[in-house]
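Asker: The structure is given below, and queries will be raised subsequently.
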Amino acid sequence: MKKSLKAFLIIALVVIADQVLKTWIKNNMFIGQEFNIIGNWFIIHFTENNGMAFGMEFAGEYGKLFLTLFRIAAVAGIGYGIHYVIKYRYPFGLVIAASLIFAGALGNIIDSVLYGVIYNYSTLFHGRVVDMFYFPILQGHFPQWFPIWGGDEFVFFRPVFNIADAAISTGVAMVLVFQKKYFRVMEKPPIEEDDTQSEVVEA
């Protein structure tokens, strides 16, 4: 199976899984509703955000529009990057990482661009991203002597996220961890359009 087809399948699977889960959450839960999957540290918690991954915000109506347009431009650039690393025969791990980042960004773009219109609460490009995974693994309070946050409650891991966010984070982590392997000097020539030789899959 060619790398390009594998990349397409990765992207398709991530986007479909992301959108199916978001659609189920959106149509079967209300904002703030939650239920426990494993004890008190793996919770499905329905929330929405106007901004970036893991619930971070990008202020204002124009900020939201700018972020959505930036995401679209970034996805176009990542799409070209996938084409480039396949053409120049970079290790397949880099193709997987780029495909995960692309799929995650695309999944959240669908929310931002379409959900406001689909669910009739806003205009095109002003939809909210649906999040649901919550892992409050550690909960407690900072000691009173702790600077700034003394006595305040802390939760680890606090952000609520979705499949798209997880795909982006996984792809970025792969690039950071294996960058020396992924970006070593490549000696193979680029794949031509009429190249019929089988591709060597490099994990």
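Asker: What full-extension length gain, to one decimal in nm, is calculated for residue 122 and residue 13 as 0.36 nm per residue of separation minus the Cα-Cα distance?
Answerer: On the way: separation 109, 0.36 × 109 = 39.24 nm, distance 2.80 nm.
Full extension from residue 122 to residue 13 adds 36.4 nm.
Asker: Whose amide H sits under 5 Å from the amide H of residue 89, counting only residues 5 or more places off or on another chain, with H placed in the peptide plane?
Answerer: Here 191 satisfy the definition.
Asker: For an R0 of 35 angstrom, estimate the FRET efficiency from the Cβ-Cβ distance between residue 180 and residue 154 and round to the nearest 0.05.
Answerer: Values: r = 35 Å, r/R0 = 1.01.
Efficiency for this residue pair is about 0.50.
Asker: Where does each of 75-81, 18-24 land if you order them by average Cβ count within 10 Å, highest first? Mind dumping the intermediate values first?
Answerer: On the way: 75-81: 14.6, 18-24: 17.1.
Averaged packing, sorted descending, gives the order 18-24, 75-81.
Laboratory data are not the source of any read-out in this text; all were calculated from the coordinates shown. Because the structure is predicted, anything quoted here is derived from the model rather than measured. As a convention, Cβ positions derive from the backbone with ideal geometry for all residues, glycine included, and neighbour counts pool all protein chains shown.
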